[in-house]
Amino acid sequence: MCETCGCGDPHMVSVEIRERILSVNDRDAAHNREHFAAHGVLAINLMGSPGSGKTAMLEATARAFAGRFRVAAIAGDLATDRDAERLRSAGIPARAITTGSACHLDAAMVHHALHHASLQDARLLFIENVGNLVCPAVYDLGQAFNVVALAVTEGEDKPLKYPVMFRKADLVLVTKTDLLPHLDVRAEAIDEALGRVMPRPDLIHVSARNGDGLQRWFAWLEAQIGARGGPVPGHPASGHRHD
Amino acid sequence: MHEYSLMMALMERVAEEAAARRAIAVHRVRVCIGELSGVEPDLLESAFAIVRAGTLCEGAALEIERVAARWACSGCRRPMDAGERLQCAACGAPAALAAGDEILLGQIELEVP
């Protein structure tokens, strides 16, 4: 009998599910986390608008860490593998995920790329998401941290317009600060807006062009890497195969 | 627009439940969508209108419960309003979201033989 409205229709059943619609993605993300743990790699989901400087930040990071530890990357792009190419020229082994018309990466796409990317010896894996301030925030990829690049050229009120993305951010890189003298944008106003959408507003102002703030970003990364152990030999996700 | 891929995931879950109970039709699908979930209810409805064609959900109603965002201090539990700084004015602790990030399949109503 119908349990919802008591209409007495014997052919109606009401089923309580109360489950996240993205439960399949959540499972895939948990699986990716096992891969990252097995390899002792710190996975960072790097998000931001198109042109916010995500790839430039990774190029600078790869140069800074070259010879010290291996940085790998997976880059999501709608139609090209230009970002992955740029990263490879900067010395980062990078795998492109061409999403077609999909506006975000999901955990399954990342998982697929992981089986083709070499994480061996990598300590840091960047997952450069599709340039978009909306959709990527909804999908857990298995990352340890969400980092969002926000260029000063995007204006002071971007955080207030896209609260979902910034709420999910563990760190915001306020990029292209070398352009501030040419803009009617105040860096403090951006910080103030971030404080209204981020419970823990962790921000670093950087310029890949003149190098300002980059040391703070590198130090942040090193602290997070140091806080994690190395690879776990014999971890269930080490070298496992999928059909 | 990720609402379409969300709707595909939702339809798969509903189909699984319907098959397990040998349902002949789905009459109602209830979902909860939080204000800060990043999901636009109107777009979810448009996606539903497209993907339900030819499925057991063809004649189903999609009911979307919209959940408002509610913030509270993670330290002293003082309620905080969206638009305020999300650090407690009283104790300085960061705010925690008490409600408003739901993307839930709540309940479905099935017609069984």
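Across the range B:42-53, coupling constants 3J(HN,Hα) worked out from phi with the 6.51/-1.76/1.60 Karplus curve, θ = phi - 60°, read 5, 5, 5, 5, 4, 5, 4, 4, 7, 7, 7, 3 Hz, and Gly and Pro carry x.
Fully extended, how many nm does the chain gain between A:His116 and A:Ala227 (0.36 nm per residue separation, minus their Cα-Cα distance)? Could you put the intermediate results ahead of the total?
Details: separation 111, 0.36 × 111 = 39.96 nm, distance 2.69 nm.
Fully extending the segment from A:His116 to A:Ala227 adds 37.3 nm.
Nearest-5 percent of antiparallel DSSP beta bridges in the protein assembly as shown?
Details: 23 of 60 bridges.
In the protein assembly as shown, DSSP labels about 40 percent of beta bridges as antiparallel.
Within the range B:60-83, what residues put their amide N at less than 11 Å from the label point 7 Å along the Cα-to-Cβ vector of B:Ala90? Those under the cut-off are B:73-80. For chain A, hydrophobic long helices are taken as DSSP H runs at least 15 Å long by C-alpha position along their axis with mean Kyte-Doolittle hydropathy of -1.0 or more; these are A:54-65, A:214-226.
The lysines within cross-link reach of A:Lys168, meaning a Cα-to-Cα straight distance under 16 Å and a gap of 8 or more places when in the same chain, are A:Lys158. Listed by chain and number, the aspartates and glutamates whose C-alpha is less than 15 Å from the C-alpha of A:Lys176, apart from same-chain residues fewer than 8 away, are A:Glu59, A:Glu154, A:Glu156, A:Asp184, A:Glu188, A:Asp191, A:Asp212.
Taking trypsin sites (Lys or Arg not before Pro) across the range A:20-72, the ones in a DSSP loop with at most 14 further Cβ atoms lying within 10 angstrom of their Cβ are A:Arg68. Among the GluC sites (Glu not before Pro) in the range B:30-113, those placed in a DSSP loop whose Cβ has at most 15 other Cβ atoms within 10 Å are B:Glu58. Against chain B, whose longest principal axis is taken from its Cα atoms, helix B:3-20 shows a tilt of about 50°. Model label sites at A:Val185 and A:Ser14, defined 7 Å from Cα along the beta-carbon direction, differ in position by 5.0 nm. On full extension, the segment bounded by A:Thr80 and A:Arg68 gains 1.3 nm, given 0.36 nm per residue less the C-alpha separation.
For n ≥ 4 DSSP H runs only, could you compute -39500 (n - 2.57) per run for the protein assembly as shown, divide by its residues and tell me the 222 nm figure to the nearest 500? Kindly include the intermediate steps, with their values, before the conclusion.
Working: 10 runs with 105 residues, N = 356.
Estimated from H runs of four or more residues: -9000 deg cm²/dmol.
The residue among B:Ala90, B:Cys57, B:Ala18 whose Cα reaches farthest toward the positive pole of the charge dipole of chain B, with charges on the beta-carbon of Lys, Arg, Asp and Glu, is B:Ala90. The charge dipole of chain A, taken about its Cα centre with unit charges on the Cβ atoms of Lys, Arg (+1), Asp and Glu (-1) only, comes to about 720 debye. Candidates A:Val41, A:Leu133, A:Gly211 compared by Cα position along the dipole of the range A:23-226: farthest toward the positive end lies A:Val41, with charges placed on Cβ. Note on the range A:23-226: antiparallel DSSP beta bridges, both residues inside, total approximately 5 percent of the bridges counted. Each label point was placed 7 Å from the Cα along the Cα-to-Cβ direction; for A:Lys161 and B:Ser46 their separation is 1.9 nm. Build a GNM of chain A with springs between Cα atoms under 10 Å apart, and of A:Asn132, A:Asn146, A:Asn210 the one that fluctuates most is A:Asn210.
Count neighbours as other Cβ atoms within 10 Å of each site's Cβ, and list the chymotrypsin sites (Phe, Trp or Tyr not before Pro) in the range A:30-132 that are DSSP loop with at most 13 such neighbours. In loop regions of the range A:30-132 (DSSP not H, G, I, E or B), the sparsely surrounded chymotrypsin sites (Phe, Trp or Tyr not before Pro) are A:Phe69.
One compactness figure for the range A:23-226 is 0.96, namely its Cα radius of gyration divided by 2.2 N^0.38 Å.
Where a number appears in this text, it was derived from the coordinates with a stated rule and is not lab data. Quantities reported herein were computed from a predicted structural model and do not represent experimental measurements. Cβ atoms come from the backbone with ideal geometry, glycine included; neighbour counts cover every protein chain shown.
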